[in-house]
Every structure is written in C-alpha cells, then in structure tokens.
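Heads up: the structure comes next, in structure tokens.
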Amino acid sequence: MVFLSTGGLRGDLTLTPPDNPIFWAHAQVELNLLAVFGKENFTPVRPGFFATNAFLWKAQVPTGKLRIFAPDMTLDWITPGDIGRVTASVLLQGRKAGDEEAVGIYGPEKISFRDGLGAIVKAVTGREAEIEEVGVEGGVKLYVEGGTPEMLARVLVESFAKLKVLQQEGGDWLPVGEEWEEAGKVVERYTGRPATKLSEWIEEAKGEFK
C-alpha cells in the first residue's frame with residue numbers, strides 16, 4: 001500500500017497538532033494505514049509543494065497580472081510526473097535503503113512564488129509579470145476564486161502566513177542544509193533521472209495556462 005501524503009509531516013505523527021487540518025488529516029490516514037498494513041507493507045510518499053498548484057492562477061496568468069499572498073516565500077515545486085514516477089517505483093519495487101518510514105520527495109530548487117509564477121507569465125505571454133502582494137483576506141479570496149472551499153482556503157493561507165514568518169526568521173518548512181542535499185537525490189534514486197526543474201515543467205504545461 002502506497003499513500004500520497006504531504007511533505008508537511010515529520011517525526012511522531014501522534015503529536016501532529018489538529019490546528020492544521022491538512023497535516024492532521026494526512027497524519028490520521030497514515031496512522032490508520034500503518035495499523036492495518038504494518039510497516040513492511042505500507043509506505044507514505046510525502047511530496048512538497050505541487051507545481052500544479054500554479055493552476056490556481058490560471059485565469060490571471062494570461063493577463064500578466066498576479067495577486068499573490070506571501071510572494072517571496074520559497075517552495076520546491078515538485079512536478080506531477082516526478083510524483084507519479086516515484087510513487088509507481090515505491091509501489092512496484094518497495095522503499096530504498098534509508099527510507100524506512102516514508103519517502104519524502106521535493107523539486108530540485110527552492111523558488112519563490114514571485115519567481116515561479118512570474119516565469120509562467122513570461123513563458124505564456126512573453127511579458128514580465130505585474131505582481132500585487134495581497135494580505136490574508138486577499139489570499140483567501142484568491143484561493144476561493146480558484147475553486148478551493150473557503151474553510152480550506154483559510155487554512156492554507158494561515159499555514160502560509162506561519163511559514164512566511166518561519167522563513168523570515170531563518171527557518172524553513174522544507175529540508176535545509178545537508179538534509180536538503182539528500183532530499184534532492186530522492187527522485188533520481190527512485191526513477192533513475194534527476195528531479196524535473198520548474199522551468200522544464202513550465203515548457204511542458206504552459207499551453208494549459210492560455
């Protein structure tokens with residue numbers, strides 16, 4: 001059994017606080033699957049920030065004008081192809097040595113909302129993006145407009161607000177230092193090729209933003 005979980009989970013899952021429903025819900029699923037299948041027959045795959053989350057700005061990209069909450073927060077932009085290939089490898093061949101509890105997968109670069117979404121605008125329109133930074137309520141409205149239920153949208157924005165502060169204080173929700181270097185090798189260990197760069201994914205997906 002392989003479960004597509006979230007990169008926000010680490011350590012003792014029983015200590016996952018319920019104030020973040022996204023992380024808490026994933027933790028409960030993992031704990032239940034572990035109890036049913038056992039450690040030998042269950043592996044959670046925990047990706048970081050999906051590159052496909054960029055589709056929340058699909059309507060804005062052709063205009064060249066983007067409204068972004070926490071535009072300078074950095075993310076890893078893991079691509080759907082890499083998620084699928086790693087997950088298939090785990091399902092068919094099992095975990096690699098060193099991944100005893102879970103398989104964490106991340107994109108190869110830490111790139112901000114500003115630069116990542118700006119690169120999509122450039123690829124689609126040929127112009128530089130005009131970016132407006134919005135506050136919490138503006139961020140909630142943005143996600144609701146993109147099809148996210150308001151309750152979940154608020155959870156996402158509040159989570160990003162905390163992560164924004166964490167990064168400003170020198171921390172990160174993504175692996176750092178040597179841990180980040182090792183995390184960057186996971187996709188290649190499971191698929192035989194390096195993780196896909198955001199710029200490569202943009203070239204593949206830019207037609208879907210038009």
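The values are calculated or read from the model by the stated rules, or taken from the named source; none is laboratory data. Just so it is clear, the structure is predicted and the values come from calculations on it, not from any experiment. Every residue, glycine as well, gets a Cβ built from its backbone with ideal geometry; the counts of neighbours run over all protein chains shown.
Filter the stretch 162-199 down to the residues that are in a helix (DSSP H, G or I), over 26 Å from A97 (Cβ atoms), out of contact with any Ser or Thr (no Cβ under 7 Å at 6 or more places or on another chain) and touching a residue at least 24 places away in the same chain (Cβ under 8 Å) and list them by number.
The answer is L163, K164, L198, S199.
In the stretch 17-47, what count of residues is obtained for those that are in contact with a helix residue (DSSP H, G or I) (Cβ under 8 Å, 6 or more places away or on another chain), surrounded by 11 or more Cβ atoms within 10 Å (Cβ to Cβ) and in a loop (DSSP other than H, G, I, E, B)?
Counting residues in the stretch 17-47 that are in contact with a helix residue (DSSP H, G or I) (Cβ under 8 Å, 6 or more places away or on another chain), surrounded by 11 or more Cβ atoms within 10 Å (Cβ to Cβ) and in a loop (DSSP other than H, G, I, E, B) gives 2.
Taking the stretch 15-28 as the region of interest, how many residues are farther than 17 Å from T43 by Cα and either modelled with pLDDT of 95 or more or of a type in the set (D, E, K, R) (or both)?
Residues in the stretch 15-28 being farther than 17 Å from T43 by Cα and either modelled with pLDDT of 95 or more or of a type in the set (D, E, K, R) (or both): 1 in total.
Hey, any hits in the stretch 66-75 for a residue that's of a type in the set (F, W, Y) and more than 24 Å from D172 (Cα to Cα)?
No, the stretch 66-75 contains no residue that is of a type in the set (F, W, Y) and more than 24 Å from D172 (Cα to Cα).
Pairs under 7 Å by beta carbon, first residue without any contact (Cβ under 8 Å) to a residue 12 or more places away in the chain in the stretch 46-69, partner in a strand (DSSP E or B) and charged (D, E, K, R), six or more apart or different chains?
Q60/R67
Need at least 3 residues that are over 30 Å from F42 (Cα atoms) per element, so show me which strands (runs of 3 or more DSSP E) inside the stretch 56-144 make the cut, counting only ones lying wholly within it.
Passing ranges, in order: 65-69, 130-134.
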